[in-house]
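Here's the structure, in structure tokens; my notes come after.
The values are calculated or read from the model by the stated rules, or taken from the named source; none is laboratory data. Here the structure is a predicted model, which is why all the values come from computation and not from measurement. Every residue, glycine among them, receives a Cβ derived from its backbone with ideal geometry; neighbour counts consider all protein chains shown. Accessible surface areas use protein heavy atoms only, side chains included; no ligands, DNA or RNA. Shrake-Rupley method; radii C 1.70, N 1.55, O 1.52, S 1.80 Å.
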Amino acid sequence: MPDHERLLRRAIELSASARAHGNDPFGALLVDAGGNIVMEAENTAIVDRTVTSHAETNLVRDASKSFSREELGKMTLYASCEPCAMCAGAIFFAGIRSVVYGLSGETLTPMWVTKSDVPAALLDLSCREVFAHCEGHPTNVIGPMLEEEAAVPHEDFWPQRLGA
């Protein structure tokens, strides 16, 4: 059985690293059935100037080039925060059927949706809801976990990022 807390803490470290690299604070990693980290990714949306460069989509894009769909189906994706609807869709289409996340979208939303022009509705669809619509291909979701730790990279970030 993988050590969810240890692996999730690594995803949280990646989120802090993404922030340090000038990006939004999100990180993700992929773990094989033996609990070994096989790939890691950070959010690069700001530096890349590409709105779809979330940590999870960066990870899924690279993982699909390196692993078969069958291999991905036996792996677990760990994310510092709950995957958004876009990322959940990418995870589903890649064939990854297990997700563990730290900070929930519900907890994250008030941190960044204050005076910004970003609609709060973007986080109103949980990853569980997205996966629930993928009948015949269930995705196991564990989370939120370690929310206080996962929130640290977001502290004082969003008001500066959004000019609030």
_Checking Gly102 against (1) at pLDDT below 95; (2) within 19 Å of His4 (Cβ to Cβ), only one condition comes out false. Which one?_
(1)
_The listed residue being open to solvent by 70 Å² or more (accessible area, probe 1.4 Å) and without any contact (Cβ under 8 Å) to a residue 60 or more places away in the chain, out of Val47, Val38, Val60_ = Val47
*Given the conditions (1) open to solvent by less than 40 Å² (accessible area, probe 1.4 Å); (2) at positive phi, which single one is not true for Pro25?*
(2)
*Which one of the conditions (1) over 10 Å from the mean Cα position of the chain (by Cα); (2) under 26 Å from Glu129 (Cβ atoms); (3) assigned to a strand (DSSP E or B) does Val38 fail to meet, given that it meets all the rest?*
(2)
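Which of the following residues is over 20 Å from Thr139 (Cα atoms), under 12 Å from the mean Cα position of the chain (by Cα) and crowded, with 17+ Cβ neighbours inside 10 Å: Leu8, Leu14, Leu103? Give the derivation first.
Details: Leu8 fails: over 20 Å from Thr139 (Cα atoms); Leu103 fails: over 20 Å from Thr139 (Cα atoms).
Unique residue meeting the criteria: Leu14.
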*Could you count how many residues in segment 17-35 are touching a residue at least 12 places away in the same chain (Cβ under 8 Å) and over 22 Å from Asn140 (Cβ atoms)?*
8
